[in-house]
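Enquirer: Got a structure for you, written out below as structure tokens; questions coming shortly.
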Amino acid sequence: SSAASDVYKRQMMTLTVLLTTFTTFLVAPRHTAHAADEVSVWAWDPKFNIKALEIAQELYQKDHPDFKLNIVENAQDDIVQKLNTALSSGVTDGLPQIVLIEDYRAKSFLAAYPDSFFPLSDFFKAEDFAPYKVAATSIGDTHYAVPFDTGVTGLYVRKDLLEQSGHKVEELQNITWDQLQKIGQDIYDKTGTKLLSVDFKDLGLVRAMINASGSWYTTEDGKAPNLKDNEALKEAFRTLKSMNDAGLLNVHNDWSQMLQAFNKGTVATVPQGNWITPSVTAEASQSGQWVVVPWPRQNVAGSVNASNLGGSSFYVLNVKGKEAAADFLGKTFGSSEEFYRRIMKEVGALGTYQPLLKTDAYDQAVPYFGNQKIYKDFAEWSTKIPAVNYGEHTYAMESIVVDAFNQYLNGADLDQVLTEAQQQAENQIQ
């Protein structure tokens, strides 16, 4: 009958669907990554930060084979803009679980969007990392990032030019900026080589100078401008103007000009963060001519021969998949000795993971620097960096400070320009 035929057809269709579903299940890959196993991250610099992420993923996959890290390269400024746009609008679709943020910018994000970041205190031991790094990434006792690279500074010095001027490397151990200037004058008089290169529109050098004195553009709470009566800042201004007036400074306007200054022998020293090492060693003809000595300190009470310039850390956004992201960071960047050994060897990157200091990880001679164990030196210096509160307005303040410095450089009174800068900062920020 027609009714019996319809029943039969429906039964056959149902059986076909069941067989198809069962067959699909049998042939489906058994270890494909589920959505919960995939974590996205925004970062910049494929040869440094992104390479470190790739190493971390490889190590994490040993115990988590279904895990997949989706790394999206963005310029740092683009990350800042995208985060601000998304978090201010409350639209989190398309945001990654992990984002790399420069330490100078971190507090501004944490203050503006306090509920947008996932606390990571339970995923790593803060006491395992350099105190200055933890301070930059935390609010009170809550840690919002797993610290990554250190911006620990050093003074890279052309040993051959130093010796031609009648000085020895030993004379540069734990000195002041004034002492360095005197030696720099001898180098210039004997060899015609300037002491160092600086961009008067980018005062990273000033930041590192005052950081060594435990000072910043803002007060200890990171909020109120601290320019007018900031003795470390005044000292930094005086030092650079004195060097400039003596003809010891080479002025560059961009990154490539800075690299040329030391790769082509225009300057005898490079005061920078340790991340500049690959750029120094890129000039093969100067191998064996460079050494690295401790950062010069200021003539300010409490100033030390160690500082920081730059550096960034990994944050987890308060979005779906945050727990998996936090676990990944905690078990790699947050606690893996193997990870930090590999990034030093393969990337030339130094973290602030202090347990590594108790091992032989950094105990390797670097031929380019006359077999100096520069990684060990940098690691030890990183433990002495004063912890300062970068606050929420580093780059807004920097713009004001740059203007003040250039006025002073052109003859204006120091106290006057900083008093005016203080007023401008208070009007703009508070």
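Enquirer: Put a dot 7 Å past each Cα toward the Cβ at Gln257 and Ala396; how far apart are the dots in nm?
Expert: 2.9 nm
Enquirer: Related question: For Ser197, what charge total do you get from the other residues with a beta carbon under 15 Å from its beta carbon, if Lys and Arg give +1 and Asp and Glu give -1?
Expert: Values: positive: Arg158, Lys194, Lys201, Lys264; negative: Asp199, Asp202, Asp254, Glu283.
For residues surrounding Ser197, the net value is 0.
Enquirer: Lys and Arg at +1, Asp and Glu at -1: add these up for the other residues within a Cβ distance under 14 Å of Ala106 and post the number.
Expert: Values: positive: Arg105, Lys107, Lys133; negative: Glu102, Asp103, Asp149, Glu392.
Value of the local net charge: -1.
Enquirer: Rounded to the nearest 0.05, what FRET efficiency do Glu338 and Asp45 give with R0 = 25 Å and r taken as the Cβ-Cβ distance? Could you check? Mind dumping the intermediate values first?
Expert: Details: r = 22 Å, r/R0 = 0.88.
Using R0 = 25 Å, I get an efficiency of 0.70.
Enquirer: Quick check for me: using +1 on Lys/Arg Cβ and -1 on Asp/Glu Cβ, what's the dipole size of the range 40-165 about its Cα centre, in debye to the nearest 20? Working shown, then result.
Expert: Values: 11 positive and 19 negative charges, 41 e Å.
That gives the range 40-165 a dipole magnitude of about 200 debye.
Enquirer: If you don't mind, there's one more thing I want to ask. Assign unit charges at the C-beta atoms only (+1 for Lys and Arg, -1 for Asp and Glu), then state the dipole size of the chain relative to its Cα centre in Debye, rounded to the nearest 20.
Expert: Numbers: 37 positive and 53 negative charges, 171 e Å.
The calculation lands at about 820 debye.
Enquirer: Please compute the contact order of the chain in relative form: average sequence separation of alpha-carbon pairs under 8 Å and at least six residues apart, divided by the residue count, as a percent. Can you show the working numbers first?
Expert: Working: 720 pairs, mean separation 108.0, N = 430.
With pairs under 8 Å counted, the relative contact order is 25 percent.
Enquirer: Additional query: In the structure displayed, which of Lys345/Lys376; Lys345/Lys373; Lys82/Lys223; Lys51/Lys384; Lys168/Lys345 lie more than 18 Å apart, Cα to Cα? Write out the running numbers ahead of the final one.
Expert: Values: Lys345/Lys376 13 Å; Lys345/Lys373 13 Å; Lys82/Lys223 25 Å; Lys51/Lys384 28 Å; Lys168/Lys345 30 Å.
Too far apart for the 18 Å limit: Lys82/Lys223; Lys51/Lys384; Lys168/Lys345.
Enquirer: Divide by every residue of the chain the summed helix terms, -39500 (n - 2.57) for each DSSP H run of at least 4, and state the resulting mean residue ellipticity at 222 nm, rounded to the nearest 500 deg cm²/dmol.
Expert: My calculation for the chain gives -13500 deg cm²/dmol from helical runs alone.
Enquirer: Share of the chain's accessible area from carbon and sulfur, percent, 1.4 Å? Walk me through the intermediate numbers first.
Expert: On the way: 9420 of 19330 Å².
That fraction is 49 percent.
Enquirer: Which residues in the range 257-297 place their backbone N less than 12 Å from a point set 7 Å from the Cα of Gln179 along the Cα-to-Cβ direction?
Expert: Only 294-297 fall inside the zone, counting backbone N under 12 Å.
Enquirer: If you don't mind, another one. So how far, in whole Å, is the C-alpha centre of the range 290-344 from the one of the range 62-112?
Expert: Here the two parts' Cα centres lie 17 Å apart.
Enquirer: Follow-up. Can you find, among Pro119, Thr359, Gln179, the residue sitting farthest towards the positive end of the charge dipole of the chain, where Lys and Arg contribute +1 and Asp and Glu -1 at Cβ?
Expert: Among Pro119, Thr359, Gln179, the one farthest towards the positive end of the dipole of the chain is Thr359.
Enquirer: Given the chain reduced to its alpha-carbon atoms as identical point scatterers, what log10 I(q)/I(0) does the Debye formula return at q = 0.09, 0.12, 0.13 Å⁻¹?
Expert: -0.61, -1.03, -1.18
Enquirer: Out of the DSSP beta bridges found with both residues in the chain, what percent are antiparallel (nearest 5)? Show your work: numbers first, answer last.
Expert: Working: 26 of 39 bridges.
Beta bridges within the chain, antiparallel portion: roughly 65 percent.
Enquirer: Please give the FRET efficiency for Ala301 paired with Lys62, using the beta carbon to beta carbon distance and R0 = 51 Å, rounded to the nearest 0.05.
Expert: Details: r = 50 Å, r/R0 = 0.98.
It comes out at approximately 0.55.
Enquirer: Pick out, from Ala56, Pro131, Val417, the residue whose Cα sits farthest towards the positive end of the charge dipole of the chain, with +1 on the Cβ of Lys and Arg and -1 on the Cβ of Asp and Glu.
Expert: About the Cα centre, the residue reaching furthest to the positive side is Ala56.
Enquirer: Can you compute the FRET efficiency between Glu38 and Thr359 using 1/(1 + (r/R0)^6), with r the Cβ-Cβ distance and R0 = 41 Å? Round to the nearest 0.05. Before the final figure, lay out the partial values.
Expert: Values: r = 33 Å, r/R0 = 0.81.
Calculated value: 0.80.
Enquirer: Calculate how steeply helix 231-245 sits against the longest principal axis of the alpha-carbon atoms of the chain, using the helix alpha-carbon long axis, and give the answer as 0 to 90 degrees to the nearest 10.
Expert: The angle comes out near 60 degrees.
The values are calculated or read from the model by the stated rules, or taken from the named source; none is laboratory data. What you are looking at is a predicted structure, and each value in this text was computed from that prediction instead of being measured. Here the Cβ is made from the backbone with ideal geometry for all residues, glycine too, and neighbour counts use every protein chain on show. Just the protein is used for accessible areas: all its heavy atoms, side chains included, with ligands, DNA and RNA removed. Shrake-Rupley method; radii C 1.70, N 1.55, O 1.52, S 1.80 Å.
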